Amino acid sequence: MILHYLKIAWRNLLKYKTQSIISILGLAIGFTVFAFTMSWIRYEKGYDKHNPYADQIYKIVNNDTNSFNNQTSVGLTEYLRSNFPEVFAASNISSSQSIFPDNISMNERSRFVKECRFSVFADTAFFSVFYPEVKFFYPTPLPKQATILVRSIAEKWDITPKKINTFIDSLFITPIAIVNDMPLSSNVAFRYLVVSNPKELEFEVSNLWNFITGYTYIRLHEGSSIENISNKLEDLQITDPDGKVNHYSFNVYPLRKAHYLHPEPDSVSKIKFEAVKQFSVVALLVMICAIINYIMLFISRVKIRIREFDLYKVNGATNNDILQLLFWEFIITLIAAVFLGIILTELLFPIFIKYSMIVVSRSYFLVSVLIYSLIIVLVSALATFTLINKLNNNFTKFALIIQLSIGILLIFCSAVMYNQYDLMDQRVGYNRNNLMVFGENNGDIPISEIKNIAGIGDFITNAENLLRWSNSTRLEQTEIIDKEQKTETYNFQFRSMDNYAREFLEIPLLEGRDMLPDEQAAYFINESGNRILENNAIGKMVIRGNAPIIGVIPDMQIESPLIKIEPTLYYITRSDNKQMCSDITFRSDNDSTIKRVFDWFAAKYPFIKREDFSYTTFHSMNINENFEKFTKSEKYLLVLLGTMTSVAILIAIFGIYSMVALACNRRRKEIAIRKVNGASIKEVFMLFFKQYIWITIVASAVAFPIGVYLMQRWLEQYARRVTMDWRLFAGVFILVLLIVILSMIFRVVKAARENPAEVVKSE
């Protein structure tokens, strides 16, 4: 009997093959998106669940906004060890992910770092905090670059126990132990761990509270409470060796929540957990679209098959028989959708891993597809067979409004995010394209020799302070004398630049002038600083440097877009007569030129002691790549959101096309009669268009206010923000309207061109 139902169900699906394909494809996409998202959330919230001591471990971060990434000092770690008996162990830890482009030229050291990817730098208390079951004796004294490797990396690089405590020159490491592989879903995931003892540092640290290297993690004795420590760390007073009392404030996070309550920034700008939550909401909306679309199409097909069901009843079929038939059609569709969802998951897995920047196996997501698919199947089945007798035209309109509202909302949010990303990425106040900075640690680069390097062209000197993100660039109290010789004190950042830097970097001069030939020093001020001085900064004297403010330049985005651009004074000095400099900045998209500069530096400043883990005394920086680290998370989120928006719109198109197709089938006779009475194709099209234009207007009225609210909240995190003017709303509405028209025009025109005589005969 079941086989009979399956045959009939399969025939009916083939009869309505367009709607069947759309239903299967829409559900499959929805399953895939939802499975990826829920797996992503499960991964993020599952951090450190494998650690049996996780409930006893806490992460401590600095409340000082001037602290680099809210990092803590070695002094805090030592203080916690010495003053709180409830602390079992404390360790200062920093971690990072190393991601290299596939096409980059690498030496053995770089390949090793790329292979490891996850690195941790910590003191010798690391395992006491996180993995006390791992026991071994540290050599005394610790070798430089003392490294602990996981077994998989050690085996791949042929690092055997015989090489323990032996410096590996090509990798610049000294393995001191090999441990079993640790799960990567951890705040302190590592493939290699570099350990050190702050008390054995070669350089003298007079005050360990000024030695900031990472975050402090503590593990409490079993049964101990964090409350006492947390209260004391909210306002901590420490007297330094000079007798000065310093005030500190710290926050304490449980280990299992630290990953998403205080995500640790790293070199690749890992996507924030907030982005994961945003993505999950979008995925849920897409899934709702897919389910609504399927239910709407399924039940609409039921409604136009009333005559078919009546014939079944004439031949002895009961309502239960018809219900079973529909059930098996439903099941076949869902099974096909789940199967296609698994295929899509397999195909899209590498792309999703790239943009989510998580490390899991394919099976992690394939299992999720099956689990979440079963849940959605049950929800869909319940909703479908609950509504099957209640569907009317109002429900259809309501379902389309929901789908279009979601599509419009996502298009609007994507447009705002794109504009914000464009603001961060392009409008930064200077031309950063193809900028390369090379610097020497001792500041003795001979300018005359640089000029002789083939292909280098124009360059400026000592611009690293101007172009590098640095936590040392803080607000300083500055005395400024106005034209009436009145002195006022303001807070400014200070950066330096030479007299050719503005022109070279293509920084617009908004007001004022450049340096005169007889001037030796002057200041530019940015827009934020000019506003502090009531837009009347030019001509005023800065006590520091005893130089005038001669011009106003735009707010230059040097740091992360999340950081407010502070009032800044740029100290300009003449570079004409300088013989030496600390760094050079030039433009080049020519790899051979960059190589020649690199080779010149390498020859001029040869390798120092290799065991010191310093390749050379010089360093280099690609300004564009350095800046893109700040916007990578936004870029990746935009890609993911854009993809999701496309999916939602595609599902909405599926829904509109299918509903129009079904409506055309249902109204074939009506259309034929209208044509006999003289109606044109245009008039037939307008018959449908009027209905769907009102649906689009209502959907826009629902989506836009929600979008404005959400985007205003999202934009609050940025120092510079885009505005949402009428052109954005108009553009989104026109785009959606065009999508609606294109979704229905083909099917309506096809129906309008049918021969009325043939239609009436078939009816």
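Results, tabulated for the structure shown:
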item	result
Residue check for SER152: modelled with pLDDT of 80 or more, under 17 Å from ASN187 (Cα atoms) and either surrounded by fewer than 19 Cβ atoms within 10 Å (Cβ to Cβ) or assigned by TED's automatic domain parsing to the domain that holds LEU220 (or both)	no
Counted residues, region 549-599 - those being farther than 25 Å from ASN499 by Cβ and not acidic (Asp, Glu)	11
Matching helices (runs of 4 or more DSSP H) fully within region 393-468 where at least 2 residues are assigned by TED's automatic domain parsing to the domain that holds ILE565 and at pLDDT 80 or above	447-451
Residue ID - farthest from the chain's Cα centre (by Cα), chosen from residues in region 670-716 that are hydroxyl-bearing (Ser, Thr, Tyr) and in a helix (DSSP H, G or I)	TYR692
All positions within region 95-143 that are β-branched (Val, Ile, Thr) and either loosely packed, with under 13 Cβ neighbours inside 10 Å or modelled with pLDDT of 75 or more (or both)	ILE104, VAL120, THR124, VAL129, VAL134, THR140
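The values are calculated or read from the model by the stated rules, or taken from the named source; none is laboratory data. The structure displayed is predicted, hence computed values, not measured ones. Cβ coordinates were reconstructed from backbone atoms using ideal geometry, including for glycine residues, and neighbour counts include every protein chain displayed.
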